[in-house]
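Student: The structure is given below, and queries will be raised subsequently.
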Amino acid sequence: MNNNILVTGANGQIGQILTQELSKIEGNKIFATDINISNTCSYLNILEQDSLSKIIEKHNITQIYHLAAILSARGEQNPIQTWDTNMQGLLNVLEAARLYKLDKIFFPSTIAVFGTGINQNFTANYSALHPTTVYGISKAAGENWCQYYHDKYDIDVRSLRYPGVIGWQTMPGGGTTDYAIDIFHQLIQYGKYTCFLDKDVTLPMLYMEDAINAAIQLMDTPRENIKNRASYNIAGCSFNPQQLFDKIAHYINKPVQIEYQPDFRNNIAKSWPYVIDDSLARQDWGWKANFDLDKIVLDMLENCTKIYTHFDGGEAKFAH
Ligand code: AKB
């Protein structure tokens, strides 16, 4: 079956890798878009419904992976713009799905939908959602809109809640979990890292490969198996900055140091789950992460080191 797939936010941390992986799958034709263009990515401002419609018509789009969004930390710098982008962007996509009778929509949600009143030690899928950031508020509302479009218009929209996503291929942009990528680049280059979270703030994390597989696996699951039309928790492993640092120090071949200067992101992180219960995703569509902390650290060290040695100590040439 031919899938003509539109990816929004295709120049972002996950978008770039997801676009590459989707284009490797036989039968897929990908149209990658972002507000920041590149050689492989065309311009689309997701707030412009007409532009979205033109792309859908011109490329006979059948599915949308809607990744365009402003993340937690950056979102706090400009709450209203974040609400507009995240919310109106999703509504434009859902409306397009309704008007053009698209086959499927993918909507990434986040652990930021959780806030006070949860069991942080093992946060269940259907826990109360009391987000503390505008990003979390917009994603929690987005989950409800996905459920609404599914129930009311029979739109096959599928969603999962990403924890912090760690990868060497791309840099994150404006998240609270970004430290878990920055730390590798700083320690490899300079042997030192100043962390913006406290040493003991535990968060759920996921390796990029698992994050991409999760999206593709969820979208490939037979429709009748998707019992949850709001969003699925997915888990990789959980650790705090000190545990990550200790693991890197164990595997890296030079002395390294860390210091802690927590900023506003520390409070955001403290309101999120420590560990996520992903049993619903396991049960409904067979979700399972492959990377634990050791595997993540070893793979990150190997690949990030290549970035710096390859370019002769110069600026790393990976995408932002
Ligand atoms: C962020 O830190 O904002 C994101 C997320 C957990 O959704 N990585």
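Student: Quick one: Kirkwood hydrodynamic radius for the chain, alpha-carbon pairs, angstrom, one decimal?
Tutor: Details: mean 1/r = 0.0501 Å⁻¹.
In the chain this quantity evaluates to 19.9 Å.
Student: Please work out the average accessible area per residue across the range 87-234, using the 1.4 Å probe convention, and give it in Å².
Tutor: Working: 5020 Å² over 148 residues.
Counting only protein heavy atoms, the per-residue value for the range 87-234 is 34 Å².
Student: Given the Cα-Cα distance of residue 148 and residue 309 and 0.36 nm per residue of separation, how much length would full extension add, in nm?
Tutor: 53.0 nm
Student: Given the convex hull over the Cα atoms of the range 39-155, what projected area results after averaging over all orientations, in nm²? Numbers along the way, then the final one.
Tutor: Values: hull surface 33.9 nm².
Reported value for the Cα convex hull: 8.5 nm².
Student: Still on this structure, please answer the following. Considering the zone a paramagnetic label at residue 279 would reach in this model (a point 7 Å from Cα along the Cα-to-Cβ line), which residues of the range 90-125 have amide N under 19 Å from it?
Tutor: 118-125, by backbone N distance to the label point.
Student: Take the residue pairs 101/227; 24/295; 104/270; 247/306; 29/288 and return only those whose Cα atoms are more than 29 Å apart.
Tutor: Numbers: 101/227 21 Å; 24/295 24 Å; 104/270 34 Å; 247/306 19 Å; 29/288 27 Å.
Correct reply: 104/270.
Student: What FRET efficiency would be calculated for the residue pair residue 100, residue 77, taking the C-beta separation as r and a Förster radius of 25 Å, to the nearest 0.05? Write down the numbers at each step before the final one.
Tutor: Working: r = 34 Å, r/R0 = 1.38.
The pair residue 100/residue 77 has a calculated efficiency of 0.15.
Student: Another one. Could you work out how far apart the two model spin labels at residue 182 and residue 25 are, taking each label as a point 7 Å from the Cα in the direction of the beta carbon, and quote it in nm?
Tutor: 3.3 nm
Student: Keeping the other protein chains in place, figure out the carbon and sulfur percent of the accessible area of the range 1-138, with a 1.4 Å probe. Don't skip to the answer; put the middle values down first.
Tutor: On the way: 3230 of 6380 Å².
Of all accessible area on the range 1-138, carbon and sulfur atoms account for 51 percent.
Student: Something else about it: Return the distance in nm (one decimal) between the two label points of a simple spin-label model at residue 223 and residue 259, each offset 7 Å from Cα along Cα→Cβ.
Tutor: 5.8 nm
Student: Next up: Determine the gain in length on full extension of the stretch residue 42-residue 84; use 0.36 nm per residue of separation and subtract their C-alpha separation, reporting nm with one decimal.
Tutor: Values: separation 42, 0.36 × 42 = 15.12 nm, distance 2.15 nm.
Going from the current span to full extension adds 13.0 nm.
The values are calculated or read from the model by the stated rules, or taken from the named source; none is laboratory data. All values reported here derive from a predicted model rather than from experimental measurement. Because the Cβ atoms are built from the backbone with ideal geometry, glycine has one as well, and the counts that use them run over all protein chains shown. Side chains included, ligands, DNA and RNA excluded: accessible areas come from the protein's heavy atoms. Shrake-Rupley method; radii C 1.70, N 1.55, O 1.52, S 1.80 Å.
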